[in-house]
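Visitor: Starting off with a structure, shown below.
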Amino acid sequence: MNTTRSLQVNVVQQLRRKPLCRRRTQSSSRRIIDLRSDTVTLPSPEMIKCSLNAPLGDDVMGEDPTVQKLQQCVADMLGFEAGLFLPTGTMANLVALISHCQYDRAAEVMIGAQSHISLWEGGNAAIVGGIHTRQLPEDRETAHISEGDIRDIYRDDSDDHCSKTVLLCLENTHNMLGGIALPVDYMTNMCSICRELGLKLHVDGARLANAAVAQGVSMAMLCAGADSVSLCLSKGLGAPLGSVLVGGTEFIRLAKRARKRCGGGMRQAGLAASMGLYALENNVERLSVDHYFAMQLAAKLESYGFQISREVETNIFFFSLPDNTLYSQNKYCERLEQEHGIKITGGYSSGGKLFRVVTHLGVAIDDIDYIAEAMAKTLSNF
Ligand SMILES: *Cc1c(COP(=O)(O)O)cnc(C)c1O
């Protein structure tokens, strides 16, 4: 893929696009630019039209043709036998963990300490799955979990003291370390270590499409050899909801049972699946635009003295305010929103000093200068 060229074409197209997350606030007609997450976009009229025309059925009875089409589409795209549509990425990960551990309450799963599963899924693996998680540190620059740590933490069941490690989870892109895209060679190496140790590998690919587009590789290349992958349709891809979990036929059979037990069996779910199909057909390549905007914005902010926590690779970055600023996190976010209609979140690592920005379908090229200037003005007016 010629990324540079497709990027230029995309950027030109984006100049004409209608942002999809904008609402008028009740009290004024001021526009809101919401950079808190790539989950905030609204479905486009074209996307909604797809759902109105989608053939539907009862998916719990396995009779929704649109859901089946989506499941097979994602399975094919990622190189797996089968897929399962779920309401959220959180449920997709939970169902994956439960299915790999097969309700063995002594099973142990290795996860990154800064991973979404570790930090933002409410401890559900323990609560619902009876699964014991072990946290492994990720390198802050590369988001890699090291081979050495995996070998140190791994335990078989030869010793009565130990629960048996059955699964390793990797996150691509890595959200909390700043949208880092794990490369093919690292993923391949992790697969072979897992195979050697008899471990399964689950990829939390909520933003796997971002990882693929950023590196000019296919999603299938990034998860070749993994046992399961979860992909979010409701992040950068712009669907209003839904995730797809893919794996082998038997794994997906187990996952379907686990989904039902979690309350995730949905009826005429083709309504949502159709929008996911639209997202996959139309919104994958354009992720490069989100990445380009994030890089542009980070560069502008840097020129105003903000510190960007690391090089921007995809659509997420963290930053801190210029050194001598006295702002509290909340105050800065509050004023940015009140005075400029820009929403961001703060309070992340480094003693809570980091803010996060996420670009998405709802950001247009003209917004970049406006956002950077507003962020700088909010500092100087204090
Ligand atoms: C958002 C996210 C999820 C979970 O998705 P929800 O649909 O919000 O439950 C899982 N993993 C990562 C890395 C995410 O960013």
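Visitor: Go through the range 221-236 and give me each residue that's of a type outside the set (Gly, Ala, Ser) and over 10 Å from the mean Cα position of the chain (by Cα). Working first, answer last.
Guide: Keep residues of the range 221-236 that are of a type outside the set (Gly, Ala, Ser), which gives 221-223, 227, 229, 231-233, 235.
Correct list: MET221, LEU222, CYS223, ASP227, VAL229.
Visitor: Filter the range 363-377 for residues that are in a helix (DSSP H, G or I), of a type in the set (Asp, Glu) and more than 25 Å from the chain's Cα centre (by Cα) and give the result.
Guide: Across the range 363-377, the qualifying residues are ASP369, GLU373.
Visitor: Mind checking whether some residue in the range 303-316 is surrounded by 16 or more Cβ atoms within 10 Å (Cβ to Cβ), hydroxyl-bearing (Ser, Thr, Tyr) and at pLDDT 95 or above?
Guide: Yes: one or more hits.
Visitor: Could I ask something else about it? List the residue pairs whose Cβ atoms are under 9 Å apart, where the first residue sits in the range 218-234 and is more than 21 Å from LEU94 (Cα to Cα) and within 16 Å of the ligand (Cβ to nearest atom), the second is among the charged types (D, E, K, R) and in a helix (DSSP H, G or I), and the two are 6 or more positions apart or on different chains.
Guide: The qualifying pairs do not exist here.
Visitor: Related question: Criterion first (surrounded by 15 or more Cβ atoms within 10 Å (Cβ to Cβ) and at pLDDT below 95) does LEU354 satisfy it?
Guide: When the stated conditions are applied, LEU354 passes them.
Visitor: Looking at this structure, is ALA125 within 17 Å of the chain's Cα centre (by Cα), in a helix (DSSP H, G or I) and within 16 Å of the ligand (Cβ to nearest atom)? Steps first, please.
Guide: Working: within 17 Å of the chain's Cα centre (by Cα): no; in a helix (DSSP H, G or I): yes; within 16 Å of the ligand (Cβ to nearest atom): yes.
No; evaluated as a whole, the condition is false for this residue.
Visitor: Suppose we keep only residues that are outside any loop (DSSP other than H, G, I, E, B) and more than 12 Å from the ligand (Cβ to nearest atom) within the range 98-122. Which one would you say is surrounded by the fewest Cβ atoms within 10 Å (Cβ to Cβ)?
Guide: GLU108
Visitor: Is it the case that some residue within the range 233-255 is surrounded by fewer than 22 Cβ atoms within 10 Å (Cβ to Cβ), farther than 26 Å from ASP149 by Cα and aliphatic (A, V, I, L, M)?
Guide: Looking through the range 233-255, at least one residue is surrounded by fewer than 22 Cβ atoms within 10 Å (Cβ to Cβ), farther than 26 Å from ASP149 by Cα and aliphatic (A, V, I, L, M).
Visitor: Six or more apart or on different chains, Cβ atoms under 7 Å: show the pairs whose first residue is in the range 301-315 and under 18 Å from VAL289 (Cβ atoms) and whose second is among the polar types (S, T, N, Q) and outside any helix (DSSP H, G or I).
Guide: Once the first residue is under 18 Å from VAL289 (Cβ atoms) and sits in the range 301-315, its partners that are among the polar types (S, T, N, Q) and outside any helix (DSSP H, G or I) give THR314/THR173; ASN315/THR359.
Visitor: May I pose another question? Looking at ASP38, is it in contact with a helix residue (DSSP H, G or I) (Cβ under 8 Å, 6 or more places away or on another chain), in contact (Cβ under 8 Å) with a residue 60 or more places away in the chain and not assigned by the TED database to the domain that holds MET176? Break it down into steps so the answer makes sense when it comes.
Guide: Numbers: in contact with a helix residue (DSSP H, G or I) (Cβ under 8 Å, 6 or more places away or on another chain): yes; in contact (Cβ under 8 Å) with a residue 60 or more places away in the chain: yes; not assigned by the TED database to the domain that holds MET176: yes.
Judged against the criteria, ASP38 is a match.
Visitor: Taking the range 147-186 only, how many residues are within 16 Å of the ligand (Cβ to nearest atom), part of a loop (DSSP other than H, G, I, E, B) and more than 18 Å from the chain's Cα centre (by Cα)? Show your work before the answer.
Guide: Restricting attention to the range 147-186, the residues satisfying the condition of being within 16 Å of the ligand (Cβ to nearest atom) are 167-182.
Remaining after also requiring part of a loop (DSSP other than H, G, I, E, B): 172-173, 175-179, 181-182.
Next cut, more than 18 Å from the chain's Cα centre (by Cα) only: none.
Number satisfying all stated conditions: 0.
Visitor: Being at pLDDT 95 or above and in contact with a strand residue (DSSP E or B) (Cβ under 6 Å, 6 or more places away or on another chain) is the filter here; which residues of the range 99-115 pass it?
Guide: HIS100, CYS101, GLU108, VAL109, MET110, ILE111, GLY112, ALA113, GLN114, SER115 - these are the residues of the range 99-115 that are at pLDDT 95 or above and in contact with a strand residue (DSSP E or B) (Cβ under 6 Å, 6 or more places away or on another chain).
Visitor: Could you please give the count of residues in the range 187-213 that are assigned to a helix (DSSP H, G or I) and under 14 Å from the mean Cα position of the chain (by Cα)?
Guide: Matching residues across the range 187-213 total 6.
The values are calculated or read from the model by the stated rules, or taken from the named source; none is laboratory data. Every value quoted in this text rests on a predicted model; they were computed, and no experiment measured them. Cβ coordinates were reconstructed from backbone atoms using ideal geometry, including for glycine residues, and neighbour counts include every protein chain displayed.
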